[in-house]
Amino acid sequence: MKTLRLILGDQLNVQHSWFNQVNPQVIYVMMEVRSETDYVLHHAQKIIAIFAAMRDFSEQLKQLGHQVIYIAIDDADNQHDFAKNLTRLITQLAITHLEMQAPDELRVNQLFEQFCAALPITSTIVDSEHFITQRDEAAQFFGKRKWLMESFYRYLRNKHQVLMQDNKPVGGAWNFDKQNRKPWRGNPVAPEDQRKKHDHSQLWQSIQMQNIASFGQAHAHEIAWPVNRQQALQQLDYFLHHVLVYFGDFQDAMSKQQPRLFHALISFALNVKLISPMEVVKRTEIAWQQHQLPLAAVEGFIRQILGWREYIRGYYWQHAQQLQQVNFFHHQRKLPQWFWTGKTHMACVKYCLEDSLENAYAHHIQRLMVIGNFALLAGIQPQQLHQWYLGIYIDAFEWVEMPNTLGMSQYADGGQLASKPYVSSANYIDKMSDYCHSCHYDKKIKIGERACPFNSLYWDFYMRHADKLQSNIRLSIVYQQIRKMPAEQKQAIAQQANKYLDNLENL
Ligand code: FAD
Ligand code: DLZ
Ligand code: SF4
C-alpha cells in the first residue's frame, strides 16, 4: 500500500506515532497554500512563523529518514488548495491510501470529510495525539448540565492525577485564583524576553512576492516565536525556572512598560503542536518540586493548560456550527478602523492594540478586559471582531480563538461558556494597569468632555441589556445599583454613551 500522509501547518508534532518508524511505502506531504493564508487577514508574523515552523519540521523529518514532499508558497506546480494538491500527488505518485491527522478546525475537517468521501482510494483520519481530552469528552462530561470550566478541570485533575495527593487536591483547595489578582507596580522586575531571535527575511520576501495580504509588523529578521521543538522547550524551561514563580500573582496585571510581564509565551508552540499540553503540565509539576514554587502560581498555570485549554476545545467541538452566527445582543456596529492601526485616544486600548500589532501577541487580560471589553461595551458586531482576533494573534486557530472571542469575551452565545459578561468600567483597568495616567480621558469621570468612555458605556451596556441580563444572579449587585440611580443620572449616562457610540471612529 503506497500511502500519502498529509501534515497540516498546526500539526508539527514530531512525537506522533506516525514518526516512530521509517516506512519506504509512506510519503509525507506538507503544503503552503493560499487557501490557508487567505481565509482571514493574518498578522505578518503569524504567516512567517507558521511557514518557518513547517519548513523546519519537514527538514527534521527528512533527517529522521522519512520521505517528505514540501510544496512551498512559490512552487510553480502549487495549486494553493489542499484538495487540488493532494489530487495531483495521488495521481502522480500512484498513491493507494491517504492518511491525515484530525484537523482542529471545523472548516478544514468538513473539507477533508468531503474530499475523502469522493476519493477513489481508501483514506484514514487518525488522532493528532496532542490533546489531553477527546473532542467530545467535555460534551459527554457535561451532558445536559451547564458548562463550567471548574468542574471539567477538577474531573481532569482527578483523572490524570495532576496536583493530587490521596485523591485530594494538594494544598487542600482546587483553585487559588483569589491570590492571583495583583497589579504590577514595577517590582519584582519583569524578565527580559529571553527568546532567541531568528532571521526569516528571505521567507518573508517570498511571501510578499506572492502578494499575500497581511497586517502588523513583520520583523522578519528577528522572529522570536519558537519555530521548532527545541526552541519551544527552551522557552518553556526558561518560563518554568525563572518566571512561573510570579505568574500567579501578576497573571491579571497589565503594564505599558512591560507588555508580556510574567506570561509563558508558549501558546504558538502549543497550538502548532511543537510541545504537548501534558508535557507542559508534567514539567510544571517537576519545576514546582525542584524550586518549591508557590502552589498558587503552579496551580494557576496548570489550570490554564489542563483546564481552560481543554475546556475551550471541548466547547468548540460541541458548538462550532452555531458559534459561526451567534449574536446574543444583536450587536451590529462596525469594527472601528483604528483596530488596524492602534490610533485611538483611549490609552489602554491604544497600548493593547499597539502591542498586538507589534508582536502578534497580547496577554489574556489585555485581550479580555481591554480590547474585548471595549468591543462588547461598544456593541461591535461579534463575527467582525472574531475575524480580527483570528487574524492578529500568533496563537489564533479557530478552535481556541472562536470560543474565547465569541463565548468568553463577547457573551455572544448568551452565556453558555461564561457565567457573566466580562466588562468593566475604568476602575478595573486602572486597578490592574498603569495605562490611565497617560490617557487623554479621565478615569474618574462618567459624564463630560474628557469622561472615560468605559464609564458611561459600562452602565449603558447594563441598562440597554437589562431584559437579557438582570435575572442573572451574578449581576444582582449591578442591577441593584442601577435601580438606585436617579432617573436624571441614568439619562445623562445614556446620552454620554450614545455620543461615544455615534463617534467610535474618533474615540
Ligand atoms: P499564559 O498566560 O502564560 O498561559 C499559558 C497557556 O495557557 C497559554 O499558552 C494557553 O495555551 C493556555 N490558556 C490560557 N488561557 C486560555 C484560554 N482562555 N483558552 C485556551 N487556552 C488558554 N489563546 C490561544 O491559544 N489562541 C487564541 O486564538 C486565543 N484567543 C483569545 C481571544 C480572546 C478574546 C481571549 C480573551 C483569549 C484568547 N486566548 C487565546 C487565550 C489566552 O489569551 C492565550 O492563550 C494567552 O494569552 C497566550 O499567551 P501565553 O502563552 O503567554 O499564555
Ligand atoms: C494558519 C495557516 C496558514 C497561514 N498557512 C497554512 C499553510 O499554508 N498550510 C497549512 O497546512 N496550514 C496553514 N495554516 C494552518 C491551518 O490553517 C490549520 O492547519 C487549519 O486551520 C487546521 O487547524
Ligand atoms: Fe482606558 Fe479610560 Fe483609563 Fe483611558 S481613562 S486608559 S480610556 S480606562
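Some observations on this one:
- The mean accessible area for residues of the chain, using a 1.4 Å probe and ignoring ligands and nucleic acids, is 42 Å² per residue.
- Net charge in the neighbourhood of K159 (other residues with Cβ under 13 Å of its Cβ; Lys, Arg +1, Asp, Glu -1) is 0.
- Under 18 Å of direct C-alpha separation, and excluding same-chain neighbours fewer than eight residues apart, K178 reaches these aspartates and glutamates: E150, D249, D252, E299.
- Amide H partners (placed H, <5 Å) of I71, local residues excluded: M30, M31, E32
- Taking the DSSP bridge list for the chain and keeping only pairs wholly inside it, about 10 percent are antiparallel.
- Couplings for region 215-220, taken from phi via the Karplus curve 6.51 cos²θ - 1.76 cosθ + 1.60 with θ = phi - 60°, read 9, x, 7, 6, 6, 5 Hz in order; Gly and Pro are left as x.
- Backbone HN-Hα couplings from phi across region 254-260 [Karplus 6.51/-1.76/1.60, Hz, Gly and Pro as x]: 9, 8, 6, 6, 8, x, 8
- Proximity of backbone amide H atoms, modeled 1.01 Å from N, is registered between H43 and F215, I392 at under 5 Å, excluding neighbours fewer than 5 places apart on the same chain.
- With all protein chains modelled, accessible area of C439 [1.4 Å, Å²]: 40 Å²
- Exposure of D104 as accessible area (Å², to 10), given a probe of 1.4 Å and all protein chains: 10 Å²
- Note, ³J(HN,Hα) from phi for region 487-500, Karplus 6.51, -1.76, 1.60, rounded to Hz, x at Gly and Pro: 4, 5, 5, 4, 5, 5, 5, 4, 5, 4, 4, 5, 4, 5
- Long-range amide H partners of M164 with built H, under 5 Å: V170
- Between R154 and N20, the contour length at 0.36 nm per residue exceeds the alpha carbon distance by 44.9 nm.
- Here the simple spin-label model places points 7 Å from the Cα toward Cβ, and for E505 and Q92 these points are separated by 4.8 nm.
- Element breakdown for the chain at a 1.4 angstrom probe: carbon and sulfur atoms account for 49% of the accessible area.
- With a cut-off of 14 Å between beta carbons, the residues surrounding D442 carry a summed charge of +2, where Lys and Arg count +1 and Asp and Glu -1.
- Projected label distance in nm at R483 and K178, using a 7 Å step from Cα toward the beta-carbon: 2.7 nm
- Shape of region 84-212, Cα gyration tensor, a/c cut at 1.5: oblate
- Whether the chain is rounded, prolate or oblate, judged on the alpha carbon gyration tensor where a/c under 1.5 counts as rounded: prolate
- Efficiency of FRET between H345 and K146 - r from beta-carbon atoms, R0 41 angstrom, step 0.05: 0.55
- Around I125: net Lys/Arg minus Asp/Glu count, Cβ-Cβ under 10 Å: -3
- Rounded Å value of the spacing that divides the Cα centres of region 218-276 and region 38-116: 27 Å
- The gain in end-to-end length when the D77 to Q495 segment is fully stretched comes to 144.5 nm, 0.36 nm per residue minus the alpha carbon separation.
The values are calculated or read from the model by the stated rules, or taken from the named source; none is laboratory data. Because the structure is a prediction, the values reported are computed rather than measured. Cβ sites come from the backbone with ideal geometry, for glycine too, and all protein chains shown count toward neighbours. Remember, those area values only see protein heavy atoms, side chains included, never the ligands or the DNA or RNA. Shrake-Rupley method; radii C 1.70, N 1.55, O 1.52, S 1.80 Å.
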